[in-house]
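Colleague: One structure, as structure tokens, below. Some questions next.
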Amino acid sequence: MEQFVLDAVERIATRPQPDYRAIEVAPLTPVIGAEISGVDLSRELSERQLAEIKQAFLAHHVLVFRDQLLSGEDHKRFANHFGELRRLPLADLDGGDPAILEVAASKNSRFVAGEDWHTDGTADAEPSLGSMLYVTRTPEIGCGGDTLFANMHLAYELLSPPMKALLDGLTAIHDGLIPWQGYTPPPEYVIPKNEHPVVVRHPDTGRKLLFVNAGFTSHIVQLARSESRALLDMLFARVAHEPILHCRVRWTPNTLVFWDNRCTQHHAVWDYYPHSRYGQRVSINGTRPQA
Ligand code: SIN
């Protein structure tokens with residue numbers, strides 16, 4: 001690896017960590033993901049526990065809570081501590097609770113949610129702050145159905161200084177039609193499309209990150225289409241093929257994972273067909289990404 005890459009990894013991997021007293025935090029990798037224990041999310045959390053969960057969220061971006069027995073109301077109450085719940089258009093159209101999206105796959109599935117690398121809903125003007133997926137059923141075969149997450153701060157830091165300088169002033173279109181390629185969206189679904197900076201700052205930490213994803217980004221506005229395609233393909237390949245950016249969550253039944261949608265991408269691995277998997281996802285409203 002180039003020296004600037006090693007320096008970037010070292011900077012992120014050796015950041016001082018908060019001093020946790022009310023929860024236990026076990027990192028999944030030095031740069032992304034942590035398992036949190038010592039909390040029961042079906043009960044009201046103490047202020048100290050909540051404050052430490054918020055610190056761990058900003059430090060690790062993906063938090064894994066195992067062995068949680070949660071009702072839909074518990075799930076939403078926990079999410080509500082981080083902001084207003086997002087009304088999810090597809091859950092709404094299904095006639096269910098508009099805050100809860102079912103994430104289900106079985107022998108009858110022809111696709112599953114989030115099969116490719118993406119950040120949720122970036123075609124929206126204000127993409128979500130984060131999501132909490134609570135998986136209650138994992139594949140009967142006892143393996144498969146993991147979710148990969150990537151740290152987009154580090155994805156930015158791994159770029160060379162001239163590449164960062166090029167990307168810094170650019171904007172890109174995020175098109176909600178991209179995930180529907182090969183499928184027909186429900187007629188009532190209003191397809192979102194918005195322009196966001198290619199490099200943004202995390203609204204809570206101010207740290208820079210790369211904000212384009214294969215799931216929604218169609219092109220970079222200021223470049224010729226062929227330049228934009230080549231550059232985006234290079235960036236998407238970097239996210240997909242650079243294991244140093246990743247952590248892998250192996251689900252066990254009754255695990256809740258809370259990810260920071262503002263600085264991560266994820267990929268739900270569909271390697272368990274014809275077995276099934278079931279979960280429910282609640283998302284939290286975010287703000288407009290800022291350069
Ligand atoms: C999603 O993209 O929200 C689905 C993630 C998963 O099923 O692991």
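Colleague: From the alpha carbon gyration tensor of the chain, can you work out the equivalent ellipsoid semi-axes (sqrt of 5 times each eigenvalue) and give them in Å, largest to smallest?
Modeller: They are 28, 25, 18 Å, listed largest first.
Colleague: Once the piece of chain linking D116 and R248 is laid out straight, how much longer is it, given 0.36 nm per residue of separation minus the C-alpha distance between them?
Modeller: Residue separation times 0.36 nm, minus the Cα-Cα distance, leaves 46.1 nm.
Colleague: Taking other Cβ within 10 Å of each residue's Cβ, how do E242, E227 sort, fewest first?
Modeller: If I rank by nearby Cβ atoms, fewest first, I get E227, E242.
Colleague: Going by C-beta contacts inside 10 Å, put W180, W251 in order with the fewest on the left.
Modeller: Going from least to most buried by this count: W180, W251.
Colleague: Which of G142, G130, G114 moves the most in a Gaussian network model of the chain with Cα springs under 10 Å?
Modeller: Highest fluctuation among the options: G142.
Colleague: What is the calculated FRET efficiency for A291 to A22, with r their C-beta to C-beta distance and R₀ = 25 Å, to the nearest 0.05?
Modeller: 0.10
Colleague: Can you list the lysines whose alpha carbon sits under 23 Å from that of K76, skipping same-chain ones fewer than 8 residues off?
Modeller: By straight Cα distance, K76 reaches K54.
Colleague: In what order do E73, E115 fall by count of nearby beta-carbon atoms within 10 Å, going from fewest to most?
Modeller: The fewest-first ordering by Cβ neighbours comes to E73, E115.
Each reported figure results from applying straightforward, stated rules to the coordinates on display, with no laboratory input. From a predicted model like this one, the values you see are computed outputs, not experimental measurements. Note that each Cβ is placed from the backbone with ideal geometry, even for glycine, and that neighbours are counted across all protein chains shown.
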